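Just so it is clear, none of the values below were taken in a lab; they were calculated from the coordinates. Values in this document were obtained by computation on a predicted structure and should not be read as measured data. Quick reminder, even Gly has a Cβ in these numbers, built from the backbone with ideal geometry, and neighbours come from all protein chains shown.
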Amino acid sequence: MVHMDKDTSELIEQLCTRIGMVMEDAIMDALTVGEMSGDEREGALRRIDYALERMMALIAAARALDT
């Protein structure tokens with residue numbers, strides 16, 4: 001097992017916390033999309049897509065640090 005220094009471990013934790021915050025920001029769009037009109041729904045889907053892109057980038061960063 002490779003020992004991870006404390007700074008790296010804390011950075012991974014911060015990245016994962018940010019992932020959770022992005023999820024939290026997107027959840028209302030995801031939960032209410034069925035109640036939206038076509039234009040509203042398209043906007044919500046764009047915001048969800050952007051949140052997913054951000055989460056994927058944060059996950060990649062955390063994985064890069066975890067190696």
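Annotations for the structure displayed:
- Each of (1) 3, 17, 21, 17, 12, 10, 8, 5, 4, 2, 0; (2) 3, 16, 27, 22, 13, 7, 6, 5, 1, 0; (3) 4, 24, 33, 24, 12, 3, 0 is a candidate for P(r) over Cα pairs in 5 Å bins from 0, in percent; the one calculated from this structure is (1).
- Counted residue by residue at 0.36 nm each, then reduced by the alpha carbon distance between them, the extension gain from residue 30 to residue 18 reaches 2.5 nm.
- Using a Förster distance of 30 Å, the FRET efficiency for residue 6-residue 53 (Cβ separation, nearest 0.05): 0.50
- Among residues other than residue 33 with Cβ under 15 Å from its Cβ, the summed charge is -4 (Lys and Arg +1, Asp and Glu -1).
- Charge context of residue 14, other residues only, Cβ under 15 angstrom, K/R +1, D/E -1: -1
- Couplings 3J(HN,Hα) of the range 17-31, computed from phi: 4, 4, 4, x, 5, 5, 4, 4, 5, 8, 5, 5, 4, 5, 7 Hz, in residue order, whole Hz [Karplus 6.51 cos²θ - 1.76 cosθ + 1.60, θ = phi - 60°; x for Gly and Pro].
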